[in-house]
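The values are calculated or read from the model by the stated rules, or taken from the named source; none is laboratory data. A quick note: this is a predicted structure, and the numbers were derived from the prediction, not measured. Positions of Cβ are backbone-derived with ideal geometry, glycine not excepted, and every protein chain shown enters the neighbour counts.
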Amino acid sequence: MQVVLNLLLSYYMCLPDLLDVRSLSLQQNFLVITSSTGIGIYDLNNKTLRACFEVEDPNFGIMTPDLSRIYFIQGKYDLSYFDIPTGEKVPLRTLEFLPDIVGVGQKSIIIVHGYDEILLDQAGFELPASEKERNYTFSSRSVTLSYIPPIFNPFGEKVKVSAVLYDPLQNLYFVGTRNAGVYIFDNKRKIYVDSIKTGLPNDFPILDATCFNGNLWILTSNYLCAVRNDFASKLISASILGSGEELTGIFNADSTLYIYTNQGKIFSVENERLIFEKNLGIPVKNLYRNNSGFLVETQSGILEVTVEGDSTNIIRNYNINEIDRLRPLGCGFAFLLKGKLYVNHGDTLFIISDSTTLDQPVIDFETSGDTILALTFSHLLRISSASTKVIELPFNDPRRIFFDRENVFIWKWPFLATLSDGEDFSLETIQEVKESVLKVLNFENCRVLVTSKRVWLRI
C-alpha cells in the first residue's frame, strides 16, 4: 500500500445560511452578505459565491478596498475581521456602545452610534478625528423603502425585508430578506431583475444528502434543498405532508430522484416540485431500492417489499432489531449488528465474519452492487461472492466508510482517506470538520462533507 499525502492542500469552507440576511455591503463588484450564521462574498459579475465564513451572530460585514479583509461586529459589541486569503478570524476589541452603522476606509474604520462616532485604525486602536477619511464603504441600514414593491414567497406570503442597500452607479437596490436571500431591484425599470439565494437554512438538522443532475440535494425533515455548483440554493418545502409526517430519506433510481417519509410515502422530484408516487403504508425508518423491489427498515425489523399499482406486497419479514447499518446487496441485503456482518439472499442468512478472513469486529460497511466494503480496526475488506481482498488502512480505528462514484472514502477526524483505484490511498487532514460526518460526496469538481449541521466544501 502506498499513501499519498495531501496534508497541505486541503482547505474546507463551510456553506453558511446566507438566506437569513442581516446586512449588506458593496465593494467593487463584490456583494458582502451578512447573515445570522455567516458572511459570504458574492461576485456580481460572475454570479458565484467567492468565499464564505462561518461565524455566530455577525452583523455589519464590510470588505476592505484591497479585498483582503472583512470587518464585522459579532454579537453586539465585539469588533473582528476575517483574513480572506487564510480564513482566519482575528478579534480586535470590545466596543462600549451598540453600533448603529459601520464603515471601512482605506486606512481606518468608523463606527457610528447616534450622533457619536469612533475612529479606529485597522488594528482596532483609536485614532484622532483628524485622521478621518473622505470616503468609507458603509453597510446597509435596516429600513424598508415604500417605493420598492413587496416580495412574496411561493405560498403567497409577504417576505420580511431586513436590509436595503443602494448602488448609485448601477441604479440598483439590493434587498436583503429574512430566510429568502437577496433580491435585486432595478430602480430605472422598477422591477426585480435577479435574486441571490445561497447557502442552507440552519433551522432543521440535515438528515441525508446526494448528488443528482448537477445539484447537491440536502434533506431535512421539513424541506429539500437543491444547491447548484455556484452554491445558489433552492428550497422545496414539504407542505403536502400530513400530521406527524416528516421527510426521512433520499435516493435516486431509474434516472429519478426520490424522497420518502416516516409514514412510507414516496415522492419523486421533478422541476423542483414533489410529485406523489406511492404509499407503502408502512412506518419507515430507512428505505432502499434493491434488485427485487424495496428494502424497508422499520422499528421492529426488516421488510422486503414489492409494489404493484396501489398494492404493497410484503415478500419477507425479518424480526431483526437494533441493527447498526442496513444496505441493499444485489437481490438481498447486508446488515451490521454488534460488530458482526450478516448477508441475506432469499431465505438464507449467514455471517460474513465466519466465512471470510475477517477476524476483527466490523466498524462500518457499504455496498456497491454485489460487493461489500467492510471496515475493521486496521483493514478494508472488499468482499464479493468470488473473493475477499484485504487492504491495509493508512490509520487505525476508522469511524465511517462512504462510497461515491467509484471512490471509497474512510473517515476518522481529522483524516479523510480516499481509495480511487487499486490499493493506494490519498490522505488529507481536515481540521475544520469536527462533527460526525453523514456523507462524503463528489459534487461536480468539489469534495463535499455533510454533517447534521453543516455542508463543508473543499476549496
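Structural remarks
- For the range 100-152, the set of residues classified as closer than 21 Å to PHE82 by Cβ and among the basic types (Lys, Arg) consists of LYS107 only.
- Candidate set from the range 432-459 (those that are among the aliphatic types (A, V, I, L, M) and in contact with a Phe, Trp or Tyr (Cβ under 6 Å, 6 or more places away or on another chain)); member that is surrounded by the fewest Cβ atoms within 10 Å (Cβ to Cβ): ILE459
- Test result for ASN252, exposed (fewer than 14 other Cβ atoms within 10 Å of the Cβ), touching a residue at least 12 places away in the same chain (Cβ under 8 Å) and within 21 Å of PHE443 (Cβ to Cβ): no
- Tally, over the range 295-323, of residues that are farther than 23 Å from ALA253 by Cα and of a type in the set (Val, Ile, Thr): 2
- Of the criteria (1) of a type in the set (S, T, N, Q); (2) modelled with pLDDT under 85; (3) under 29 Å from LEU380 (Cα atoms), which one ASN317 fails: (3)
- Output for the range 18-77, where each listed residue is closer than 19 Å to ARG178 by Cα and hydroxyl-bearing (Ser, Thr, Tyr): SER23, SER25, THR34, SER35, SER36, THR37, TYR42
- Strands (runs of 3 or more DSSP E) completely within the range 390-459 that count 1 or more residues being more than 28 Å from ASP230 (Cα to Cα) and of a type outside the set (Val, Ile, Thr): 400-404, 407-412, 425-429
- Strands (runs of 3 or more DSSP E) within the range 84-203 that include 2 or more residues farther than 19 Å from SER25 by Cα and in contact (Cβ under 8 Å) with a residue 24 or more places away in the chain: 88-94
Each row is one residue, and each column tells you yes or no for (1) surrounded by 14 or more Cβ atoms within 10 Å (Cβ to Cβ); (2) assigned to a strand (DSSP E or B); (3) of a type in the set (Ser, Thr, Tyr); (4) within 25 Å of the chain's Cα centre (by Cα).
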position	(1), (2), (3), (4)
LEU241	yes, no, no, yes
THR248	yes, yes, yes, yes
LYS278	yes, yes, no, no
LEU287	yes, yes, no, yes
ILE315	no, yes, no, no
LEU326	yes, yes, no, yes
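- In the range 360-389, the residues that are assigned to a loop (DSSP other than H, G, I, E, B) and surrounded by 17 or more Cβ atoms within 10 Å (Cβ to Cβ): VAL362, ILE363, THR376
Conditions tested, residue by residue: (1) hydroxyl-bearing (Ser, Thr, Tyr); (2) over 16 Å from LYS453 (Cα atoms); (3) touching a helix residue (DSSP H, G or I) at 6+ places or on another chain (Cβ under 8 Å).
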| position | (1), (2), (3) |
| --- | --- |
| VAL161 | no, yes, no |
| TYR166 | yes, yes, no |
| GLN170 | no, yes, no |
| PHE174 | no, yes, no |
| VAL182 | no, yes, no |
| ARG189 | no, yes, no |
| LEU200 | no, no, no |
| ILE218 | no, no, no |
| SER221 | yes, no, no |
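- Of the residues in the range 304-311, at least one is closer than 25 Å to SER385 by Cβ and either surrounded by 19 or more Cβ atoms within 10 Å (Cβ to Cβ) or under 25 Å from the mean Cα position of the chain (by Cα) (or both).
- In the range 289-313, the residues that are under 17 Å from GLY332 (Cα atoms), assigned to a loop (DSSP other than H, G, I, E, B) and modelled with pLDDT of 80 or more: THR298, GLY301
- Which numbered condition SER195 fails, given (1) surrounded by 16 or more Cβ atoms within 10 Å (Cβ to Cβ); (2) polar (S, T, N, Q); (3) touching a Gly at 6+ places or on another chain (Cβ under 9 Å): (1)
- Total residues in the range 44-71, condition under 24 Å from the mean Cα position of the chain (by Cα), more than 25 Å from ARG458 (Cβ to Cβ) and part of a strand (DSSP E or B): 1
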